[in-house]
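Novice: Take this structure first; my questions come after.
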Amino acid sequence: MKGRTAGAAVAVGALLLTGCGTDDGTPVLTWYINPDDGGQQALADQCTEEADGAYRIQTSLLPNDAPDQREQLARRLAAGDSSLDIMSIDPPFIPELAEPGFLAPVPDDVAERTTEDTLDGALAGAMWKDEIVTVPFWANTQILWYRESVAEAAGLDMSQPVTWEEIIDAVREQDKYISIQGVRAESMTVWVNALVESQEESILVDPAASAEDLETTLDSDAGRMAAEIISVIGQDRLAGPGVASMDENQGMLMFQRDHGSFMVNWPFVWAATNAAAEDGSIESDVPDDVGWAPYPRVDAETPAAAPLGGINLGVGIDSEHHDLAYEAIECIVQPENQAEYFVTNGNPPSSESAFDDPRIEEDYPMADVIREALDEAAPRPQTPYYNEISEVIQDEFTPISGIDPDRAPQRADTFIGEVLRGERLL
Amino acid sequence: MSVTTKTRLGWAIAAVLVLGYSLFPVVAIFANSFKTPGDLGNQRFWPTSWTLANYEMIFVGQAQELFLTALRNSIGITLIATFIAVVLATLCAYAIARLDFPGKRLVLGAALAVSIFPVISVVTPLFNVWRQIGLYDTWLGLIIPYLSLTLPISIWTLSAFFRQIPWDLELAAQVDGATQWQAFRKAIVPLAAPGVFTTAIIAFFIAWNDFVYGISLTSTEAARPVPAALAFFTGASQFEQPTGAISAAAIVVTIPVVVLVLLFQRQIVSGLTQGAVKG
Amino acid sequence: MTDTVKSAPASRRQREKPKKSERARAETRLGWILAGPAFVIMLAVTAYPIGQAVFDSLYSFRLTAPDDRSFVFLDNYILLFTDWGFWRPFLVTVLITVVTVAVELVLGFALALVMHRALKSLRGLLRTAILVPYGIITVVSAFAWYYMFDINSGFVNNWFSWLPGISDELDWFSNFGTAVTVIMASEIWKTTPFIALLLLAGLAQVPDELVEAAKVDGATRWQQFYRVTVPNMKAAIMVAVLFRALDAFRIFDNVFIMTGGEANTEVLALLAYRQSISRLEIGLGSAVSVVLFACVLLICFVAIKLFKVDLASGTDAGGGKAKKGGKG
């Protein structure tokens, strides 16, 4: 009796498990998307319609953080999951997925068509070992946002490139807080890497090296300089009391309030600040006081290499629909769609021609600054061991109030080497 | 008379303290769930203006898909796991309370050992097996591990309940010609039902609470339960903190707990105390 | 314990009497039919994976480099035991276990006494109230406590800014002392009711006459409690402490939600999670898992051997028919 009911329960459970499937035989492509404002869902619907029965795209949401997204994707790929038809991947994690052959090769013609006018920075993020392994979808970069009132009071000429030093002095002098990302998270690696790359150096010597031979060069003049800038902001409490938990959003909130002055951040802050001013959670005249400029330089003579973010689209090797998936990807990444996505979701295109869309200029008056930054932007260290490198950098460079600029870079180098050789725990 | 008044006052104070202790954090997150984004940054306890926006977000808004599917997963997986655990534990506890057979101590020892098992120690191997046999990110892939959480305490609690049942009734039934199985069903099940029910509530709490299996053995809304989904919430933009939505979702998943506690306080207390210590 | 002693001769007696053997065999069969499924499932989900974990822990194996899997024997363990990155979470885990269990014991006793002595009219209310933290999801508790103390949204800094050391600028989760305090507070809040209920059951078993007798002898309340009540519920206390200690040693949810291990608050379970799930280093992660399991076993072993905690008392391992004659 009891046994029978238990059996029934299992049967019911099994029924629920296998409940889904297509009714009409149209191949269903699953697109694993990172959280956004619904833009990817809209594109999925649009391309499904355009496909006219050739395929149907359904979306599945990945976690919030890029490292968590990587974790989910890597585990599913390793599990041989055939549902990974299209994946939205953050560029730094592409080598780790490409190296073991988890990604289906991009057909030559697709690669050619989709990267025709891709901005250089974004293209670099789509490659592994000189091959295009994913298709660029959108690209992101940080620029310098500032309160015009503060810059003016400090006597800074923002029409010319400014340096970190100048900003720091201005903040100190005006008794304001600078918005950076001081939280122990991926954003710390973004910052450190941008500071190093802005000095025309790279954290990695040879990206393709094996785990045993991988070397990092944080312990160099460029690395120490980066640590110096971060530590000055930390030790002199120039980023306010909440620096240890300050991420992109907290930084923006501080920037919008009384102590706001300068901020390095992604373009999403523009739409968010306007929205906040409209719904009354901040003073309505704040957006008028916001200005923008290229990412700050480390050295006055050397153009800055702003951080590069964004999303590329990849196809899982075990997907049963490689061709259809790439067909769908081509539909998704059309320049018009990229432009639309920027306007609706605040994520800039990776394609240069998409920037010509008139709506962009209207909604994002700083689009030119962004496009130029994307051409100069430098990807984070491209290696299958990016996760380890990033974790160590986060470890050694936070809390930013306590880093020793002379020793932290060297410790980071040693730590990374030991972790990758399996001599130390991360 | 004055002594009584004093005692009453003392008890009133004690009661307020206990209530404050038990409910304060719940009230705090309850208050959060009604705050506007602006209020969430103002460091006050209560909202300055109450809003339902956070509940709208998880039930009809942007977080709807994430939350509602997770809620469905949680309810479905937890109920099925609870049901199977209680059925199996009832049989097992009956054998333990009633029968004398070699291996009984082994079963009890196993229940004990499993109840002290660090879940984190088994998720990696389970993940590997699950991905090979296709249970990764499925309901069944969570139901089975949940049994390992719920079975031990169910067996304990039920064994304790069953010891208190007047088994002579069963004997009487057997004398009347019923087999042991029939005697169990006809005479004992009605008496044991309250204990089984209590066990089900406790098992439900445990399965409902799981987090480690939830985040390790799922990766999409196909099976992700609410506690794991809470860690996946996103704000209005990629970088915004989802404090309000998480608070609202937290309150929603706390409602079943509060309802069960309000309705079955007596049973839960007796179940927990009898199952765990006899003295 | 008495039950156990009695059951042994009982079963021997059965074996000696051949006419009972048919019946005994049937009983054994039925016993295993009934208990078997639960037994098999419990073992399948724990014993097999831990065996697999032991096996995996001898390999260097990264999920995203499946071709580089290699046998390294004890290297993963050597790495752990020679690395502060292991010992720090280990010590943090021990600290959290010791402090939370100690505080919970005191607080749990207070709650148990209140519930035990409470006026009838209050009893239901009090029990209902303390069951709320017991039943609430740990992750929800973690978020509730996190938001209370969070520098951006929390009211604690605002309310208690008159206390020295607390101000608007205090970021509770950025340094070890304050972060671990909030983590422990959440853990204590959520699990004290469990310990209180176990102690309540123990209190119920202390004979009232003993307490009365002590009162007659002129013992103060404290003496009554300390000399009479506590010694008479030693078993209940030991079981409660052991269970909570084992549970606290496995702490994960609170740390994961509140700090993710930042500010040096990493605990062993989180270390295991990070190695195998976040870093996808299956070998190393398995090694941490095995060590965590060994620690739990060790605590259990020490408690049972040294402190003679009788865990089986609750399930009546002596069991069945022998019991009926035994205690009645």
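The values are calculated or read from the model by the stated rules, or taken from the named source; none is laboratory data. Treat the numbers as computed from the prediction; the structure is a model and nothing was measured. Counting neighbours? That spans all protein chains shown, and the Cβs are built from the backbone with ideal geometry, glycine included.
Novice: A:Glu228 versus (1) in contact (Cβ under 8 Å) with a residue 60 or more places away in the chain; (2) within 14 Å of chain C (Cβ to nearest Cβ); (3) out of contact with any Leu (no Cβ under 8 Å at 6 or more places or on another chain); (4) not polar (S, T, N, Q): which is the lone unmet condition?
Specialist: Among (1) in contact (Cβ under 8 Å) with a residue 60 or more places away in the chain; (2) within 14 Å of chain C (Cβ to nearest Cβ); (3) out of contact with any Leu (no Cβ under 8 Å at 6 or more places or on another chain); (4) not polar (S, T, N, Q), A:Glu228 violates only (2).
Novice: A further question on this structure: Out of the residues in the range C:260-283 that are facing another protein chain (nearest Cβ under 7 Å) and of a type in the set (Val, Ile, Thr), state the one that is farthest from C:Asp68 (Cα to Cα).
Specialist: Looking at residues that are facing another protein chain (nearest Cβ under 7 Å) and of a type in the set (Val, Ile, Thr), I get C:Ile277.
Novice: Cβ-Cβ distance below 6 Å, separation of 6 or more or different chains: which pairs start in the range C:149-175 with a residue that is away from chain A (no Cβ under 11 Å) and surrounded by fewer than 16 Cβ atoms within 10 Å (Cβ to Cβ) and end on one that is aliphatic (A, V, I, L, M) and not in a helix (DSSP H, G or I)?
Specialist: Taking only residues 6 or more apart or on different chains, the pairs are C:Phe160/C:Ile166.
Novice: Going by what's in this entry, would B:Gln174 be described as closer than 23 Å to C:Trp32 by Cα and part of a helix (DSSP H, G or I)? Show your work before the answer.
Specialist: On the way: closer than 23 Å to C:Trp32 by Cα: yes; part of a helix (DSSP H, G or I): yes.
Criteria met by B:Gln174.
Novice: If you don't mind, there's one more thing I want to ask. For C:Trp84, only one of the following conditions fails: (1) over 30 Å from A:Arg76 (Cβ atoms); (2) more than 14 Å from chain A (Cβ to nearest Cβ); (3) at pLDDT 90 or above. What is its number?
Specialist: (2)
Novice: Answer with yes or no whether B:Gly61 is more than 9 Å from every other protein chain (Cβ to nearest Cβ) and not hydrophobic (A, V, I, L, M, F, W, C).
Specialist: yes
Novice: Also, I was wondering about something else. B:Asp210 - would you say it is modelled with pLDDT of 85 or more and acidic (Asp, Glu)?
Specialist: yes
Novice: Something else about it: Quick one: count up the residues across the range A:251-298 that are farther than 21 Å from A:Gly309 by Cβ and basic (Lys, Arg).
Specialist: Of the residues in the range A:251-298, 1 are farther than 21 Å from A:Gly309 by Cβ and basic (Lys, Arg).
Novice: Taking the range A:159-179 only, how many residues are surrounded by 15 or more Cβ atoms within 10 Å (Cβ to Cβ) and touching a helix residue (DSSP H, G or I) at 6+ places or on another chain (Cβ under 7 Å)?
Specialist: 8
Novice: Also, quick follow-up: I need the full set of residues from the range A:289-310 which are out of contact with any helix residue (DSSP H, G or I) (no Cβ under 8 Å at 6 or more places or on another chain) and either closer than 20 Å to A:Ser350 by Cα or in contact (Cβ under 8 Å) with a residue 12 or more places away in the chain (or both), in order please.
Specialist: Within the range A:289-310, A:Asp299, A:Ala300, A:Thr302 meet the criteria.
Novice: OK, next. Name the helices (runs of 4 or more DSSP H) wholly inside the range A:356-426 in which the number of residues that are more than 28 Å from A:Asp213 (Cβ to Cβ) is 3 or more. Show your work before the answer.
Specialist: Working: elements: A:358-363, A:367-376, A:386-397, A:408-420.
The qualifying helices (runs of 4 or more DSSP H) are A:358-363, A:367-376.
Novice: Test C:Trp189 against the stated conditions and say whether it is within 23 Å of the chain's Cα centre (by Cα), of a type in the set (Phe, Trp, Tyr) and farther than 26 Å from C:Phe301 by Cβ.
Specialist: yes
Novice: Only one of these is in a helix (DSSP H, G or I), surrounded by fewer than 22 Cβ atoms within 10 Å (Cβ to Cβ), of a type in the set (Val, Ile, Thr) and within 11 Å of chain A (Cβ to nearest Cβ): B:Val252, B:Val259, B:Val196. Name it.
Specialist: Details: B:Val252 fails: within 11 Å of chain A (Cβ to nearest Cβ); B:Val259 fails: within 11 Å of chain A (Cβ to nearest Cβ).
None of the other options fit; the residue is B:Val196.
Yes/no per residue for (1) assigned by TED's automatic domain parsing to the domain that holds A:Gln199; (2) at pLDDT below 90; (3) under 24 Å from A:Glu99 (Cα atoms); (4) of a type in the set (Lys, Arg):
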| site | (1), (2), (3), (4) |
| --- | --- |
| A:Leu313 | no, no, yes, no |
| A:Gly316 | no, no, yes, no |
| A:Glu320 | no, no, yes, no |
| A:Ala339 | no, no, no, no |
| A:Asn345 | no, yes, no, no |
| A:Glu361 | no, yes, no, no |
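Novice: Which of the residues that make up the range C:230-246 are more than 29 Å from B:Ala113 (Cβ to Cβ) and either in contact with a strand residue (DSSP E or B) (Cβ under 9 Å, 6 or more places away or on another chain) or buried (at least 20 other Cβ atoms within 10 Å of the Cβ) (or both)? Step through it out loud before you land on a result.
Specialist: Here is the first cut: in the range C:230-246, the residues more than 29 Å from B:Ala113 (Cβ to Cβ) are C:230-232.
Once the filter is applied, which keeps residues that are more than 29 Å from B:Ala113 (Cβ to Cβ) and either in contact with a strand residue (DSSP E or B) (Cβ under 9 Å, 6 or more places away or on another chain) or buried (at least 20 other Cβ atoms within 10 Å of the Cβ) (or both), the range C:230-246 yields nothing.
Novice: Check A:Tyr326 against each of (1) in contact (Cβ under 8 Å) with a residue 24 or more places away in the chain; (2) under 18 Å from A:Trp145 (Cβ atoms) and name the one condition it does not meet.
Specialist: A:Tyr326 satisfies all of (1) in contact (Cβ under 8 Å) with a residue 24 or more places away in the chain; (2) under 18 Å from A:Trp145 (Cβ atoms) except (2).
Novice: Pull up the range C:284-322, narrow it to residues that are at the interface with chain B (Cβ under 7 Å from one of its Cβ atoms) and farther than 23 Å from C:Thr46 by Cα, then point me to the one that is modelled with the lowest pLDDT.
Specialist: Result: C:Lys321.
Novice: A:Ser231 - would you say it is closer than 24 Å to A:Phe397 by Cα, over 23 Å from the mean Cα position of the chain (by Cα), surrounded by 18 or more Cβ atoms within 10 Å (Cβ to Cβ) and hydroxyl-bearing (Ser, Thr, Tyr)? Please lay out each step first, then the result.
Specialist: Values: closer than 24 Å to A:Phe397 by Cα: yes; over 23 Å from the mean Cα position of the chain (by Cα): yes; surrounded by 18 or more Cβ atoms within 10 Å (Cβ to Cβ): yes; hydroxyl-bearing (Ser, Thr, Tyr): yes.
So A:Ser231 fits the description; yes.
Per-residue answers, yes or no, for (1) within 26 Å of B:Tyr21 (Cα to Cα); (2) in contact with a His (Cβ under 7 Å, 6 or more places away or on another chain); (3) not aliphatic (A, V, I, L, M):
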| residue | (1), (2), (3) |
| --- | --- |
| C:Phe90 | no, no, yes |
| C:Val94 | yes, no, no |
| C:Thr100 | yes, no, yes |
| C:Ala118 | yes, no, no |
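Novice: Kindly evaluate B:Phe24 against the criterion of being more than 8 Å from every other protein chain (Cβ to nearest Cβ) and touching a helix residue (DSSP H, G or I) at 6+ places or on another chain (Cβ under 6 Å).
Specialist: Criteria not met by B:Phe24.
Novice: Is one or more of the residues making up the range B:129-148 more than 19 Å from the chain's Cα centre (by Cα), facing chain C (nearest Cβ under 8 Å), basic (Lys, Arg) and in a helix (DSSP H, G or I)?
Specialist: Checked against the condition, which is being more than 19 Å from the chain's Cα centre (by Cα), facing chain C (nearest Cβ under 8 Å), basic (Lys, Arg) and in a helix (DSSP H, G or I), the range B:129-148 yields no hits at all.
Novice: Let me ask another. Can you say whether A:Ser202 is part of a loop (DSSP other than H, G, I, E, B), under 24 Å from A:Ile89 (Cα atoms) and assigned by TED's automatic domain parsing to the domain that holds A:Val392, as far as the supplied structure shows?
Specialist: Here the answer is yes, as A:Ser202 does meet what is asked.
Novice: I'd like to verify a number: residues in the range B:151-169 that are within 15 Å of the chain's Cα centre (by Cα) and within 10 Å of chain C (Cβ to nearest Cβ), how many?
Specialist: Looking only at that region, the number is 4.
Novice: Take the residues in the range A:35-77 that are assigned to a helix (DSSP H, G or I) and under 20 Å from B:Gln64 (Cβ atoms), then tell me which one is farthest from the other protein chains (Cβ to nearest Cβ).
Specialist: Step by step, filter the range A:35-77, then rank; the result is A:Leu43.
Novice: Just to be sure before I move on: is C:Ala236 modelled with pLDDT under 85, within 30 Å of C:Ala142 (Cα to Cα) and assigned to a helix (DSSP H, G or I) in the structure I sent?
Specialist: yes
Per-residue answers, yes or no, for (1) farther than 23 Å from C:Leu119 by Cα; (2) among the hydrophobic types (A, V, I, L, M, F, W, C); (3) touching a strand residue (DSSP E or B) at 6+ places or on another chain (Cβ under 6 Å):
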position: B:Arg8; (1), (2), (3): no, no, no
position: B:Leu19; (1), (2), (3): no, yes, no
position: B:Gly38; (1), (2), (3): yes, no, no
position: B:Gln43; (1), (2), (3): yes, no, no
position: B:Trp46; (1), (2), (3): yes, yes, no
position: B:Thr51; (1), (2), (3): yes, no, no
position: B:Val60; (1), (2), (3): yes, yes, no
position: B:Gln64; (1), (2), (3): yes, no, no
position: B:Ser74; (1), (2), (3): yes, no, no
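Novice: Just the residues that are under 20 Å from B:Ala207 (Cα atoms) and either part of a loop (DSSP other than H, G, I, E, B) or more than 7 Å from chain B (Cβ to nearest Cβ) (or both), please, taken from the range C:117-138.
Specialist: From the range C:117-138, those under 20 Å from B:Ala207 (Cα atoms) are C:130-138; that's our starting set.
Passing the criteria: C:Tyr134, C:Ile136, C:Ile137.
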